[in-house]
Amino acid sequence: MDEEAVELDWTKRVNIIKGVAQALAYLHHDCSPPIIHRDISSNNILLDLDFEPHVSDFSISRFLKLDSSHWTTLAGTYGYFAPELAYTMRVTEKCDAYSFGVLTFEVMMGKHPGELIPTLSSLSFSLPFVEQNILLKDIIDQRISPPINQVAEKLASIMKLASSCLHANPQSRPTMQHVSRAINLQCFPKQLYTLNLEM
């Protein structure tokens, strides 16, 4: 298991998340009508021999039609679908954004974030992160050496974006187009070990 973790180094993990973000941005913003995947999870991201990600299993995906209410039944993989689906049953592109946030933490932690999700989705945006007891260096995969230099900065930027995707209020989550563009920018926080996960 540790050998597999080492093979999936930080650069590969960053590229996986970058690829998934681009794919979702394409589905949401470049397709007409937009497509909502509804089941973004680690089971539905396939890696090729070069570790390039490919979004798979569109069996429960939906077209987002402007003249429709988009009511649906609860579907998707438990632990990845947005919490509002349980009480509103209304699907939007922000549901995929939430799943992307969960997936990102899973890839970077080396395991599903589980109990950490409620903490990340209810971060106070006014309290310093030290008071909220969340340090990025403590939650990333400990089976491999910590990231350094530009990879560390890129990882910090991605994790900050991922935490914003887990916001309890769907309207406060970024679009996948915003996430994809931000991941591709070359401006990053200065230090991984003092990163505030708030947005």
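Annotations
- For the range 79-92, putting each phi into the Karplus relation 6.51 cos²θ - 1.76 cosθ + 1.60 with θ = phi - 60° gives couplings of x, 10, 7, 5, x, 5, 4, 5, 10, 9, 6, 10, 8, 9 Hz, in residue order, rounded to whole numbers and with x for Gly and Pro.
- Peptides 162-170, 111-119 ranked from most to least packed, by the mean per-residue count of other Cβ atoms within 10 Å: 162-170, 111-119.
- Accessible surface of M89 - all protein chains present, 1.4 Å probe, nearest 10 Å²: 60 Å²
- Extension reserve of the V151-F63 stretch, reckoned as 0.36 nm per residue once the Cα distance is removed: 28.1 nm
- When each of the peptides 79-87, 25-33 is scored by the mean number of other C-beta atoms lying within 10 Å of its residues, the order from highest to lowest reads 79-87, 25-33.
- Between F51 and R90, the modelled labels are 4.1 nm apart [label points 7 Å from Cα along Cα→Cβ].
- Spin-label model distance (nm) - S42 vs E4, 7 Å beyond Cα toward Cβ: 0.8 nm
- The range 1-26 residues near the modelled L116 label - backbone nitrogen below 18 Å, point 7 Å along Cα→Cβ: 2, 5-6, 8-18
- Remark: spin-label model distance D30-L135 equals 4.0 nm, labels positioned 7 Å along the Cα→Cβ axis.
The values are calculated or read from the model by the stated rules, or taken from the named source; none is laboratory data. Not measured: the values here are computed from a predicted model. Using ideal geometry, Cβ is built from the backbone for each residue, glycine included, and neighbour counts are taken over all protein chains shown. These accessible areas exclude ligands, DNA and RNA; they are computed on the full protein's heavy atoms, side chains included. Shrake-Rupley method; radii C 1.70, N 1.55, O 1.52, S 1.80 Å.
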